[in-house]
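Chemist: Sharing a structure here in structure tokens format.
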Amino acid sequence: MDHLFRRKRVGLLKPLLSLSLVFASFLMIHKLKLSEKDAVGVKHMRDEGWCGSECFSFKKGAVKTSVESSDSPVSLLDSQRVSNGTPASWDAQVLNCSEDASVRTQDWFRRLDPRFHQFVLHRHCRYFPMLINHPEKCADGEVHLLMVVKSVIEQHDRREAVRKTWGKEHTVDGKKIRTLFLLGSPTAGKDTKNLQKLIEYEDLIYGDILQWDFMDTFFNLTLKEVNFLKWFDIYCPDVQFIFKGDDDVFVNTHNLLELVGFKVEESKEADLFVGDTISKAIPIRNRQSKYYIPRELYDKPYPPYVGGGGFLMSSQLARRLFVVSEDLELYPIDDVFLGMCLQKLHLSPELHPGFRTFGITRRRVSSMNSEPCFYRNLIVVHKLSAQELLKMWSVVHNEELVCALRTSI
């Protein structure tokens, strides 16, 4: 919440001010009891296990949602979706996620790096109860582009920067752009109760958060992929395109919409999946790497996949990805998992030079990484802090900025 409270911090003043902010926010949340917001209705008993909450049951209607009227567009949508066999609403209301004990008897599991044990024992756990839902997000007429942003609870400043820049909801030439942030639950050992209250208050203000009850960890990023794909299949029948990215990227929405327009003109939107494609990659065996994968878990080259910092896909392909994803074992790297889904559809992602999910250059100290004319000509650039994003957005959209007609990197 750094953007809400800025002072010079010295000595013990910083922790005291942080405590004051949490306390003030907590009091504010309790005062804001609006009738259209349901209470979450579940007491969490957190531990360090995979489930987040230890295999609890959700009462019907416990999910926070801003749509309740039976005459709402979502209710009409639900009745139509029931007829074609798709669930009319989020149906993962009970979490029963005990480990698959049979895996422990396998020789390969005994050799497996212990840090992957919990993932393997629970990777059959796929869909989780929702703590915050917005089924109305796609029901407000036809949405041309849905901006879907992966985030975690503590990154308030990043979400705020996205809302003020490329994630701002608006209409361009009659084309609606809507935004959603995907969250899990606070990891064990954190002040989960107050963090949850803060995120509920943030959603009360902006109404743009989807939250599931699984711990927000690196290995669980794939859960965000599959849970979102299911959510999208249920609630977004009229959305045409999805941009999916991280909360620390710069997105040139004008260039993104132009790319969408070109694909539509060429009638190539049905299989559209475009980004910073990585081909002929192999699993990283360096144990110190964030992306380390032991041979026991995966021992062949990766299929082509795109960097998860940001990519564009059509709604038609998203629904097909949802179907094939249900028959694949979850993989701890979400980017690669989507590549596996595409491979099963016999498709490859399209490489586009406008998507720079590793930055403009791989040398972070390079002056090119802060050159605004590159940002004006690209679509996605990774990786920026909240402050850098706000500054670059302002500079790039400054009418006095003069750039060469052609640039080369």
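Bear in mind that the values in this text are calculations on the coordinates, not laboratory data. A quick note: this is a predicted structure, and the numbers were derived from the prediction, not measured. All Cβ positions, even for glycine, are placed from backbone atoms using ideal geometry, and neighbour counts span all protein chains on display.
Chemist: For the pair GLU388 and ASN194, how long in nm is the line joining their label points, each one 7 Å along Cα→Cβ?
Modeler: 3.0 nm
Chemist: Take the residue pairs LYS175/LYS197; LYS190/LYS391; LYS268/LYS391; LYS164/LYS290; LYS168/LYS230 and return only those whose Cα atoms are more than 29 Å apart. Mind showing how you got there, number by number?
Modeler: Numbers: LYS175/LYS197 34 Å; LYS190/LYS391 31 Å; LYS268/LYS391 35 Å; LYS164/LYS290 31 Å; LYS168/LYS230 24 Å.
Flagged as over cut-off: LYS175/LYS197; LYS190/LYS391; LYS268/LYS391; LYS164/LYS290.
Chemist: How much length, in nm to one decimal, is gained on full extension between ASP238 and ASP107, taken as 0.36 nm per residue of separation minus their Cα-Cα distance?
Modeler: Details: separation 131, 0.36 × 131 = 47.16 nm, distance 4.80 nm.
So the extension gain works out to 42.4 nm.
Chemist: What is the range 245-401 by shape, rounded, prolate or oblate, if you read a ≥ b ≥ c off the alpha carbon gyration tensor as root eigenvalues and call it rounded for a/c under 1.5, prolate for a/b larger than b/c, and oblate otherwise?
Modeler: Details: a/c = 2.53, a/b = 1.34, b/c = 1.89.
Judged from the Cα gyration tensor, the range 245-401 comes out oblate (a/c at least 1.5, b/c at or above a/b).
Chemist: I would also like to ask the following. Give me the distance in nm between label points sitting 7 Å out from Cα along the Cα-to-Cβ direction at PHE218 and ARG287, one decimal.
Modeler: Once both label points are built, they end up 1.5 nm from each other.
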